[in-house]
Amino acid sequence: MKLQSSLKTLILEIASVDSITDAIKKRQKLVIYYDGDEPGGRGLREIEPVCLGRMRGTNNLALRAWDEAGASHTGHKGEQPLPGWRLFRLDKILSSKPTGDIFDQMRLGFNQNGDKSMNSVIIIAKF
């Protein structure tokens, strides 16, 4: 019984289009486990998700988010220190869970009219 309860919790934490869309609509901060590039890219991150769409070139689902803290390949290499804007492939977000915190404003540097890394936008947070 305890194993079944644990499995249900894990299953509910898997990142899906619906759970990410819901977090964007509600402007909920998330903790995600991202299977990013090494060195330094795999691990937990605390993010503010603002835009879900399809990446140019590959058509993969991707999430544009403000990455507040955690593992970061480009941060580790010193190319883009945290906090900062990041693009996350949805298929590499192994789990996501709301922190309970809400973000109430868009961080500087994001274009509310779309994301140049995406060929189509599914949803953008409204402020």
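A few points about this structure:
- Selection status of residue 126, out of contact with any helix residue (DSSP H, G or I) (no Cβ under 7 Å at 6 or more places or on another chain), crowded, with 17+ Cβ neighbours inside 10 Å and among the basic types (Lys, Arg): no
- Just one of the listed residues (43, 57) is of a type outside the set (Asp, Glu), in a strand (DSSP E or B), more than 19 Å from residue 108 (Cβ to Cβ) and out of contact with any Asp or Glu (no Cβ under 7 Å at 6 or more places or on another chain), and it is 43.
- Within the range 44-64, tally of residues that are under 14 Å from residue 89 (Cα atoms), surrounded by fewer than 17 Cβ atoms within 10 Å (Cβ to Cβ) and not basic (Lys, Arg): 4
- Odd one out for residue 75 among (1) at pLDDT 90 or above; (2) outside any loop (DSSP other than H, G, I, E, B): (1)
- Scan of the range 88-119 for residues that are open to solvent by 50 Å² or more (accessible area, probe 1.4 Å) and in a strand (DSSP E or B), ordered by number: 89, 94, 97, 98, 99, 100, 101, 102, 119
- Residue 80, sole failed condition from (1) touching a Ser or Thr at 6+ places or on another chain (Cβ under 7 Å); (2) open to solvent by 80 Å² or more (accessible area, probe 1.4 Å); (3) at pLDDT 95 or above: (3)
The values are calculated or read from the model by the stated rules, or taken from the named source; none is laboratory data. Keep in mind that what you see is a predicted model, and the values were worked out from it rather than measured. Cβ atoms come from the backbone with ideal geometry, glycine included; neighbour counts cover every protein chain shown. Just so you know, the surface numbers come from the protein's heavy atoms only, side chains and all, with ligands and any DNA or RNA stripped out. Shrake-Rupley method; radii C 1.70, N 1.55, O 1.52, S 1.80 Å.
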